[in-house]
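Participant: Below you'll find the structure I mean.
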Amino acid sequence: MALIDGKAVSLQVKQQVKQECDKLKTKGVTPGLAVIIVGDDPASQVYVRNKEKACEECGFYSVKYALDADTTQSKLNALIDKLNKDEKINGILCQLPLPKHLDDKEVINRIDPIKDVDAFHPVNVGAIMIGDYNFLPCTPAGVMELIHSTGVDVTGKKAVVIGRSNIVGKPMAMLLLHENATVEITHSKTLDLKSITKEADILVAAIGRAKFVTADMVKNGAIVIDVGMNRDENGKLCGDVDFENVKDKCSFITPVPGGVGPMTISMLMRNTLTAAKLQNGLI
Ligand code: GUN
């Protein structure tokens, strides 16, 4: 078994983005990211802080808008409208989930697709579906980078994704398909899940249940990617994969933490750089 080091791969991506950012700056362009956070969800606050830190490391301009938990939809909409017009801002990210009285979909639809560095807008989702896109969704794109880092060719392999969310499962399957994997999407209602996952050369777990993938569900020599971020019975951070028992069956596996998590942020940096190039006619 070899561990896939998400921190190391993520650092490489950020270094590459910083180099390109330095080049853009010589042309008078500084990539700018606006991050909106509503309310005080502790996990969201950590994510947003990490995004700001990554912007600093890459040499980006970044602005955080922290809105009160009782902010109205119209105030949030007005902020997005302002950022859509702001030339210093190339990427807009509104941290999800939002408080219950606010509508995620309305927010996603309001962000100008060319500034949608999450790639959540229907225009960008459609572009991904047909394989003609500017932005890749950050977590699935990060997973692809981690798979590439193993040196294993995805072409022809059987890939199984556990989870069908719009943020991870569905786009993940599409990116694997673009690289010529034979892909199956499974989920909480799949019958005899084990018989499917046991066939997977590449298994991506994104179901949001602590230690859900056990050793008997994994093929010998598989690449196992764990997108989960859960707390175990002792409150310790853990993934969707029962790491201790699964690791010896795999050729490669990602740890939690230190696997997919750091990649998501690096891919956001890459998307923001791409957005800056696109908006300045440099692509
Ligand atoms: N909340 C959890 N993951 C994400 C993400 O990738 N983007 C946004 N906007 N919110 C999130």
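Participant: Which numbered condition trips up Ala119, out of (1) of a type in the set (A, V, I, L, M, F, W, C); (2) surrounded by 20 or more Cβ atoms within 10 Å (Cβ to Cβ); (3) at negative phi; (4) within 10 Å of the ligand (Cβ to nearest atom)?
Facilitator: Single failed check for Ala119: (3).
Participant: Could I ask something else about it? Does Gly142 qualify as being closer than 23 Å to Val227 by Cβ and more than 15 Å from the ligand (Cβ to nearest atom)?
Facilitator: no
Participant: OK, next. Being charged (D, E, K, R) and more than 26 Å from Leu176 (Cα to Cα) is the filter here, so list the residues in the stretch 106-132 that pass it.
Facilitator: Glu106, Arg110, Asp112
Participant: Where residues in the stretch 174-186 are outside any strand (DSSP E or B) and over 19 Å from the mean Cα position of the chain (by Cα), which of them is surrounded by the fewest Cβ atoms within 10 Å (Cβ to Cβ)?
Facilitator: Asn180
Participant: Now for a separate question. Within 13 Å of the ligand (Cβ to nearest atom), part of a loop (DSSP other than H, G, I, E, B) and among the aliphatic types (A, V, I, L, M), is that true of Leu136?
Facilitator: Yes, satisfied.
Participant: Another one. Restricting the search to the stretch 114-127, which residues are part of a loop (DSSP other than H, G, I, E, B), out of contact with any Asp or Glu (no Cβ under 9 Å at 6 or more places or on another chain) and not β-branched (Val, Ile, Thr)?
Facilitator: Matches in the stretch 114-127: Asp116, Asp118, Ala119.
Participant: Can I ask one more? Could you please give the count of residues in the stretch 150-173 that are crowded, with 19+ Cβ neighbours inside 10 Å and more than 16 Å from the ligand (Cβ to nearest atom)?
Facilitator: The total comes to 7.
Participant: Mind checking which residues of the stretch 254-268 are out of contact with any Phe, Trp or Tyr (no Cβ under 7 Å at 6 or more places or on another chain) and touching a residue at least 60 places away in the same chain (Cβ under 8 Å)?
Facilitator: Correct list: Thr254, Gly258, Gly259, Val260, Gly261, Pro262, Met263, Thr264, Ile265, Ser266, Met267, Leu268.
Values in this text are rule-based calculations from the coordinates and carry no lab data. This structure is a prediction, so every number in the text was calculated from the model and none was measured. No Cβ is skipped: glycine too gets one built from the backbone with ideal geometry, and neighbour counts run over all protein chains shown.
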